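Shown next, in structure tokens, is the structure this report addresses.
The values are calculated or read from the model by the stated rules, or taken from the named source; none is laboratory data. For clarity, every value in this text was computed on a predicted model and none was experimentally measured. Cβ: placed from backbone, ideal geometry, glycine included. Neighbour counts: every protein chain shown.
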Amino acid sequence: MVDALGVAVVGFGWMGRVHTQAYARVVHHFPGLPLRPEPVVVAEEVPGRAEEAAAQYGFASTTRDWRDVAADPRVRAVSITAPNFLHREIGVAMAEAGKHIWIEKPVGLTAEDARAVADAVAKAGVQGAVGFNYRNAPAVEAARDLIASGGIGRVTHARVRLFSDYAAHPEGALTWRYERERGGSGVLGDLASHGADLARFLLGDITSLSADTAVFLPERARPTGATAGHSRASGGEMGAVENEDYVNCLLRFASGARGVLEACRVSVGEQNNYGFEVHGTEGAVFWDFRRMNELGVSRGTGYQDQPVSTVYVGPGDGEFGAFQPGAANAMGYDDLKVIEAYRFLRSVAEGVPYGATLADAVRSATVLDAMARSAEERAWVTVDAPA
Ligand SMILES: NC(=O)c1ccc[n+]([C@@H]2O[C@H](COP(=O)([O-])OP(=O)(O)OC[C@H]3O[C@@H](n4cnc5c(N)ncnc54)[C@H](O)[C@@H]3O)[C@@H](O)[C@H]2O)c1
């Protein structure tokens with residue numbers, strides 16, 4: 001028996017669209033799901049954008065005010081895909097209204113914001129999924145399994161990188177992303193949040209770190225019209241970029257392993273160069289998002305000159321089998337969001353969490369806060385332990 005689940009989307013920019021498409025596709029890929037999402041209402045403040053979304057994706061109604069969503073009894077689950085400064089207020093309000101939430105990273109501007117949403121979700125007894133999509137890649141799950149089973153020996157050190165050029169163009173508009181008040185941190189929340197989650201997903205908790213940050217493009221033009229994603233602007237009044245373009249960070253893990261995390265949003269020549277290298281006493285595993293379905297694996301007893309093999313993930317690795325019948329048929333970015341939707345809806349159906357939760361968002365945000373503190377103090381800092 002498949003029940004309909006009324007869903008709403010708040011903020012119909014890039015992520016709003018991707019969540020909506022994931023709700024539409026999830027039943028095709030996961031026919032065993034006992035819930036079928038039904039698009040009830042989309043909330044968006046840019047005039048006309050919600051109406052376009054409704055016409056294209058079949059939302060029954062639209063609103064300019066997200067509070068209407070909280071009050072709507074047809075809505076049981078809400079995607080919160082608005083800018084970061086709204087995550088806390090909307091997340092808490094939706095949970096208090098008894099709605100399950102699927103909220104985008106970084107969940108607010110600070111760890112305190114993420115914790116407020118996590119507390120509201122726990123208090124209301126609803127499910128809370130978070131958009132750490134890279135951990136949904138079957139190859140990342142396979143890497144985690146390999147590491148956890150001792151397949152590369154004892155982990156010694158790792159590098160996590162997230163390099164992008166999305167903010168490299170001098171005409172990249174001064175959107176909410178570059179303001180403290182609406183975006184919070186810069187590349188920390190945007191990309192390093194994923195890196196902190198991946199590092200922890202693969203290697204466990206980070207206990208201390210030392211970070212340095214920089215702003216490389218200090219001014220941008222204010223947009224003269226509505227923006228979505230990484231819009232361009234020229235001719236607008238110039239304004240200051242208030243948060244960091246770049247971070248590098250040394251990490252110490254509870255396991256004793258060492259790591260390096262580096263993220264940049266203005267790397268010319270780097271298009272979504274996200275990935276990791278994890279080294280152990282007997283091997284190593286390498287992943288590059290741009291070749292999302294492959295792992296580089298070195299293992300054995302050779303130690304020196306030990307070869308590296310390319311492994312294509314296939315059915316049996318994570319949720320790969322829900323998308324492709326055999327290894328080396330490519331999955332893409334949006335498929336990671338379909339997996340996220342599946343895990344969210346399964347959590348709602350079964351009342352137990354699957355996939356990244358608000359507890360994971362709190363841990364990632366705590367690491368980001370520590371990075372900001374370390375950069376400010378120019379010192380190693382301890383990462384607050386989980387509460
Ligand atoms: N998981 C990922 O890989 C990933 C990728 C990109 C963005 N994100 C996250 O998703 C969120 C949204 O990012 P985006 O790139 O989609 O941004 P975006 O600017 O493209 O979209 C945000 C939308 O929210 C709307 N909005 C703003 N205020 C609103 C309000 N009060 N009520 C309703 N709608 C409102 C904007 O008009 C816009 O359409 C951010 O938190 C970002 O960090 C996650």
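Enumerate the pairs (first residue in the stretch 254-267 and at positive phi; second residue anywhere and not aliphatic (A, V, I, L, M) and not in a strand (DSSP E or B)) with beta-carbon separation below 9 Å, excluding pairs fewer than 6 apart on the same chain, so at least 6 apart or on different chains.
Qualifying pairs under 9 Å: Gly256/Arg154.
Which is within 13 Å of the ligand (Cβ to nearest atom) and without any contact (Cβ under 8 Å) to a residue 40 or more places away in the chain, of Ala93, Ala120, Ala173?
Just one listed residue meets the conditions, Ala93.
Can you tell me which residue within the stretch 157-172, out of those that are under 16 Å from His194 (Cβ atoms) and surrounded by fewer than 22 Cβ atoms within 10 Å (Cβ to Cβ), is modelled with the lowest pLDDT? Spell out how you get there, then give the answer.
Let us first name the residues in the stretch 157-172 that are under 16 Å from His194 (Cβ atoms), namely 158-164, 166-167.
Then drop every residue that is not surrounded by fewer than 22 Cβ atoms within 10 Å (Cβ to Cβ), which leaves 159, 161, 163-164, 166.
Values: Arg159: 98, Arg161: 98, Phe163: 98, Ser164: 97, Tyr166: 93.
Filtering the stretch 157-172 for residues that are under 16 Å from His194 (Cβ atoms) and surrounded by fewer than 22 Cβ atoms within 10 Å (Cβ to Cβ), the one modelled with the lowest pLDDT comes out as Tyr166.
Does Thr281 qualify as being at pLDDT 95 or above, surrounded by fewer than 19 Cβ atoms within 10 Å (Cβ to Cβ) and β-branched (Val, Ile, Thr)?
Working: at pLDDT 95 or above: yes; surrounded by fewer than 19 Cβ atoms within 10 Å (Cβ to Cβ): yes; β-branched (Val, Ile, Thr): yes.
When the stated conditions are applied, Thr281 passes them.
Could you count how many residues in the stretch 62-84 are at pLDDT 95 or above and within 14 Å of the ligand (Cβ to nearest atom)?
Of the stretch 62-84, the ones at pLDDT 95 or above are 62-82.
If we keep only those that are within 14 Å of the ligand (Cβ to nearest atom) as well, we get 62-70, 78-82.
Total meeting the criteria: 14.
Anything in the stretch 343-387 that is among the basic types (Lys, Arg), touching a strand residue (DSSP E or B) at 6+ places or on another chain (Cβ under 7 Å) and either outside any helix (DSSP H, G or I) or touching a residue at least 60 places away in the same chain (Cβ under 8 Å) (or both)? List them, or say none.
So the first thing to find is which residues in the stretch 343-387 are among the basic types (Lys, Arg), and the list is 343, 346, 363, 373, 378.
From what is left, the residues that are touching a strand residue (DSSP E or B) at 6+ places or on another chain (Cβ under 7 Å) are 343, 373.
If the condition is that a residue be among the basic types (Lys, Arg), touching a strand residue (DSSP E or B) at 6+ places or on another chain (Cβ under 7 Å) and either outside any helix (DSSP H, G or I) or touching a residue at least 60 places away in the same chain (Cβ under 8 Å) (or both), then Arg343 is the only one that fits.
Which residues, counting only those in the stretch 254-266, are crowded, with 20+ Cβ neighbours inside 10 Å and more than 20 Å from Tyr134 (Cα to Cα)?
Within the stretch 254-266, Ala257, Val266 qualify.
Residue-by-condition table, conditions (1) assigned to a helix (DSSP H, G or I); (2) over 27 Å from His194 (Cβ atoms):
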position: Met15; (1), (2): yes, no
position: His19; (1), (2): yes, no
position: Pro37; (1), (2): no, no
position: Val40; (1), (2): no, yes
position: Phe59; (1), (2): no, yes
position: Ala95; (1), (2): yes, no
position: Lys105; (1), (2): no, no
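Tally time: how many residues in the stretch 303-341 are part of a loop (DSSP other than H, G, I, E, B) and within 21 Å of Val130 (Cβ to Cβ)? Spell out how you get there, then give the answer.
If we filter the stretch 303-341 for residues that are part of a loop (DSSP other than H, G, I, E, B), which is where we start, we get 303-308, 313-319, 323-332.
Subset that is within 21 Å of Val130 (Cβ to Cβ): 318-319, 331-332.
Qualifying residue count for the region: 4.
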